[in-house]
Amino acid sequence: MAIEETRTTMSPPTRGSAGQEPRSGTASPQASPRAWTTRLVIVGIVLAALNLRPAITSFGALLEEVRDGLGMSGSVAGLLTSVPPLCFAVFGVMAPRLARRFGPGAVVCAGMVAITAGLAIRPYTGSAAGFLAASALALMGIAVSNVLMPVIVKRWFPDRVGSMTGLYSMALALGTSAAAALTVPMTDALGGSWRSGLAVWAGLAGVAVLPWIALVRTRDAASPGGERAPAAAAAPHESDGLRITRSRTAWALAVFFGLQATAAYITMGWMPQIFRDAGVSAGTAGLLLAVTMVMGVPLAFVIPRLATRLPHQGPIVVALGACGLAGYAGLYAAPAGGAWAWALLLGVSNCAFPLALTMVGMRARTGAGVAQLSAFAQSTGYLLSIPGPLLVGVLYQHSGGWGLPIALMAALMIPQIAVGVLAGRDRTVEDEATPVPSP
């Protein structure tokens with residue numbers, strides 16, 4: 001797989017272009033291997049996406065058992081719930097540099113190995129510190145893969161960014177929901193040990209390593225265009241002069257990413273408690289959260305495809321934001337009476353995540369541009385998302401109810417819509433962040 005090409009365009013080669021002309025009148029011998037490699041890339045993308053959230057949601061499902069088993073204090077447990085966005089921000093920054101050095105495929109492969117090792121080790125460390133360290137290892141693998149998935153999609157499928165981002169986002173949502181819904185039943189089936197219930201997800205991550213090993217064994221050399229180039233050959237050339245922090249679009253996308261991540265983490269962390277405090281049973285509250293998360297499976301495939309067909313993604317941003325505002329209004333006015341409707345509306349609103357990923361691929365022309373934009377938007381966004389869930393908890397504790405926290409959630413939706421509209425404009429970061437050379 002060619003991770004770095006020697007040309008800056010992302011367009012696939014036309015028949016008969018350089019590097020694909022048959023010799024001596026025979027058919028190109030590269031056609032079949034290239035098709036096989038493309039299918040392998042698709043399998044790798046889907047399997048990688050399935051593993052980008054189970055490390056988080058499987059732990060949440062067994063949080064009480066883990067605390068009891070490791071003698072973990074409430075403050076340490078709270079730290080663990082805040083670690084994922086911090087790791088995504090810190091380690092995600094490293095992804096473009098690693099990709100230039102080793103190639104995105106090799107980095108994603110290493111990321112899948114890190115996830116596998118972290119998930120396999122953490123249940124058996126025997127201490128809260130060891131559990132935290134192994135979790136950080138898995139989250140590091142998730143962080144670099146988060147950033148590089150849009151890069152691989154852009155490079156291999158430049159004319160299908162929407163559909164491939166949709167497929168990737170749908171697999172990510174499916175992995176998120178599956179880990180939340182199946183961890184407890186699998187724990188019971190495995191004898192009731194929370195260690196087995198958490199460790200079983202290392203098996204899924206291990207399967208995801210296999211297609212990336214096969215791709216890396218080709219030294220990332222067989223590009224979509226049939227060319228051969230070293231992993232970092234084009235990266236410096238493509239990124240020369242690009243100052244991502246000078247791009248208004250990059251900043252708008254980073255803030256949009258951060259606000260939608262804030263809403264998602266607040267929803268995952270606090271929505272069941274909102275329903276339970278309103279008189280909904282614990283089992284039903286869990287089902288309501290599952291409904292919210294499952295909404296991302298079909299919509300994560302539809303929204304990116306729709307986004308790539310529009311010159312401006314602002315209308316989608318507004319529609320998703322309106323669903324969020326309606327859901328929060330319902331939670332405030334009648335949390336139990338319309339619980340299923342509010343869960344559905346918030347599930348639709350949370351599909352701002354696949355839209356943000358799609359815009360990352362659309363707002364840059366080159367592979368290096370996508371890598372820089374993806375790292376900047378995700379790292380900055382995840383940093384911005386850290387205070388949100390904590391602030392909701394503080395407001396809930398000091399006010400004794402959910403009025404103020406829900407008002408905060410709704411208030412944050414307004415700037416999310418505004419910056420999302422700005423990020424959805426038809427322009428690229430290269431146009432804004434590359435200085436014009438002096439005559």
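Observations on the structure shown:
- Only protein heavy atoms count here; on that basis, with a 1.4 Å probe, residue 38 has an accessible area of about 30 Å².
- Region 403-427 and region 292-310 have Cα centres lying 19 Å from one another.
- The label-point distance for residue 193 and residue 246, in a model that sets each label 7 Å from Cα toward Cβ, rounds to 5.8 nm.
- 19 Å cut-off, amide nitrogen to a point 7 angstrom out along residue 163 Cα→Cβ, residues in region 303-324: 303-311
- A 1.4 Å probe over all protein chains sorts 348, 144 by accessible area into 348, 144, starting with the largest.
- Zero-based 5 Å bins, Cα pair distances in region 74-201, whole percents: 2, 10, 15, 20, 21, 15, 9, 5, 2, 0
- The residues of region 143-218 expose, per residue, 33 Å² of accessible area to a 1.4 Å probe.
- Percent carbon-and-sulfur accessible area, region 86-154, ignoring ligands, DNA and RNA, probe 1.4 Å: 74 percent
- Accessible solvent surface per residue of region 282-439, calculated while the other protein chains remain in place, 1.4 angstrom probe, Å²: 40 Å²
- With every protein chain in place, region 273-333: carbon and sulfur % of accessible area (1.4 Å): 69 percent
- R0 of 25 Å, Cβ-Cβ distance residue 90-residue 394: FRET efficiency to nearest 0.05: 0.60
- Across region 382-388, coupling constants 3J(HN,Hα) worked out from phi with the 6.51/-1.76/1.60 Karplus curve, θ = phi - 60°, read 5, 4, 5, 7, 4, x, x Hz, and Gly and Pro carry x.
- Tensor-based shape of region 158-223 (alpha-carbon gyration tensor, a/c under 1.5 rounded, otherwise prolate or oblate): oblate
- Whole-angstrom gap from region 83-126 to region 163-188, using each part's C-alpha centre: 19 Å
- Within the accessible area of region 357-439 (1.4 Å probe), percent carbon and sulfur: 69 percent
- Full extension of the chain segment joining residue 129 with residue 341 gains 72.2 nm, where the gain is 0.36 nm per residue of separation less the Cα-Cα distance.
- Per-pair calculated FRET efficiency, R0 = 41 Å: residue 42 and residue 404 via Cβ, rounded to 0.05: 0.35
- Residue ranking by accessible heavy-atom surface, 1.4 Å probe, largest first, among 251, 36, 212 comes out as 36, 251, 212.
The values are calculated or read from the model by the stated rules, or taken from the named source; none is laboratory data. Since this is a predicted model, take the numbers as computed values, not measurements. Virtual Cβ from ideal backbone geometry, glycine too; neighbours counted across all protein chains shown. These accessible areas exclude ligands, DNA and RNA; they are computed on the full protein's heavy atoms, side chains included. Shrake-Rupley method; radii C 1.70, N 1.55, O 1.52, S 1.80 Å.
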